[in-house]
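The values are calculated or read from the model by the stated rules, or taken from the named source; none is laboratory data. Since this is a predicted model, take the numbers as computed values, not measurements. Note that each Cβ is placed from the backbone with ideal geometry, even for glycine, and that neighbours are counted across all protein chains shown.
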Amino acid sequence: MRVIPVLDLMGGQIVRGVGGQRDHYRAIESRLCADARPESVAKAFVSLGFRQAYLADLDAIQQGAHAASFATYGSLLQAGLDLWVDAGLQSAAQARRLVEFEAGGRAISGIVAGLESLAGPRTLFAIGQVVEPRRLIFSLDLKHGKPLVGAGWAGLSPMQIAALALRAGVRRMIVLDLASVGMGAGVGTEPLCRRLSCLDSRLEIVGGGGVRSMADLDVLERAGCNSALVASALHDGRLSPRACAARSNGASPPLGVALFQEGR
């Protein structure tokens with residue numbers, strides 16, 4: 001089970017996500033770094049042993065491709081992070097720009113196609129034609145358990161959407177309920193993750209939203225998740241960043257052993 005730190009980027013700084021209510025997001029206050037600049041947060045994660053991070057470019061997601069912060073993507077790559085980027089993809093042309101982007105000889109390793117940004121399955125299939133499977137990530141975006149969808153997905157269940165994503169070439173899927181992000185109440189998508197894990201043995205499932213503790217990571221792992229996205233619990237100390245980095249790098253404790261007791 002890998003732990004992947006989340007970087008929610010908005011207005012040039014890293015913010016704390018709370019329940020998907022983006023108008024209320026504020027700059028992160030973290031025990032790990034002195035300020036909310038993306039470079040500061042990235043360097044803190046790298047120094048603690050993390051090799052990978054997930055970046056949600058909220059400006060691009062909300063405003064469109066013109067708001068994508070390629071300069072920030074470059075600085076995070078050069079800080080040493082293996083980067084997944086959700087830039088609110090709405091077309092294959094936007095995806096191609098991410099595919100071709102490099103900084104300091106480093107490319108974006110994971111290009112996220114988020115359900116909330118995609119007009120319909122045809123857009124996802126088109127993106128799958130320009131992003132090779134090892135770099136393509138589909139985010140099954142939910143709110144209170146219901147898919148966040150445009151008209152092209154109307155009437156489809158999460159499982160039906162996931163099946164279409166597999167047909168589009170997706171082999172890595174994020175399952176994220178935005179209503180749980182930053183609420184500290186647990187993830188809640190475990191039953192869906194368990195069902196998704198039976199769809200295709202090649203599918204890697206990434207859980208997230210509301211992870212509070214090592215116990216939550218164990219629950220996600222038992223539900224079939226290979227990785228977990230975590231934000232708030234790393235910054236406020238409920239989870240030990242070094243323990244999570246060690247777990248991500250193969251030095252994890254046995255399943256069920258919580259390094260920190262308690263409750264993104």
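Identify all residues within segment 32-50 that are closer than 18 Å to residue 86 by Cα and either surrounded by fewer than 19 Cβ atoms within 10 Å (Cβ to Cβ) or among the polar types (S, T, N, Q) (or both); write none if there are none.
Of segment 32-50, the ones closer than 18 Å to residue 86 by Cα are 38-39, 41-42.
Within segment 32-50, 39 is the sole residue that qualifies.
Return the residue satisfying two criteria in turn: it lies in segment 89-108 and is closer than 20 Å to residue 45 by Cβ and part of a strand (DSSP E or B), and of such residues it is nearest to the chain's Cα centre (by Cα). Talk me through it step by step, then tell me what you get.
From segment 89-108, those closer than 20 Å to residue 45 by Cβ are 103-104, 106-108; that's our starting set.
The next check asks that each one be part of a strand (DSSP E or B); those that pass are 103, 106-107.
Values: 103: 21, 106: 20, 107: 17 Å.
Once the filter is applied, the top-ranked residue is 107.
Which residue out of 44, 65 is modelled with pLDDT of 95 or more and of a type outside the set (Asp, Glu)?
Working: 65 fails: modelled with pLDDT of 95 or more.
Every option except 44 fails the conditions.
Does residue 124 count as closer than 20 Å to residue 58 by Cα and either within 14 Å of the chain's Cα centre (by Cα) or assigned to a loop (DSSP other than H, G, I, E, B) (or both)? Before the answer, list the steps.
Details: closer than 20 Å to residue 58 by Cα: yes; either within 14 Å of the chain's Cα centre (by Cα) or assigned to a loop (DSSP other than H, G, I, E, B) (or both): no.
So residue 124 fails the test.
Give me the residue from segment 51-88 that is assigned to a helix (DSSP H, G or I) and within 14 Å of the chain's Cα centre (by Cα) and, out of that set, nearest to residue 37 (Cα to Cα).
The initial filter retains those residues of segment 51-88 that are assigned to a helix (DSSP H, G or I), namely 58-63, 65-67, 70-78.
Subsequent filtering for residues that are within 14 Å of the chain's Cα centre (by Cα) retains 58, 61.
On the way: 58: 15, 61: 19 Å.
Top of the filtered list is 58.
Filter segment 138-186 down to the residues that are in contact with a strand residue (DSSP E or B) (Cβ under 7 Å, 6 or more places away or on another chain), among the hydrophobic types (A, V, I, L, M, F, W, C) and closer than 22 Å to residue 25 by Cβ and list them by number.
Hits for segment 138-186 are 140, 142, 148, 174, 175, 176, 178, 179.
Have a look at 248, 240, 252 and point out the one that is surrounded by fewer than 24 Cβ atoms within 10 Å (Cβ to Cβ), at pLDDT 90 or above and either within 19 Å of the chain's Cα centre (by Cα) or of a type outside the set (Asp, Glu) (or both). Give the steps one after another, and end with the answer.
Numbers: 248 fails: at pLDDT 90 or above; 252 fails: at pLDDT 90 or above.
It is 240.
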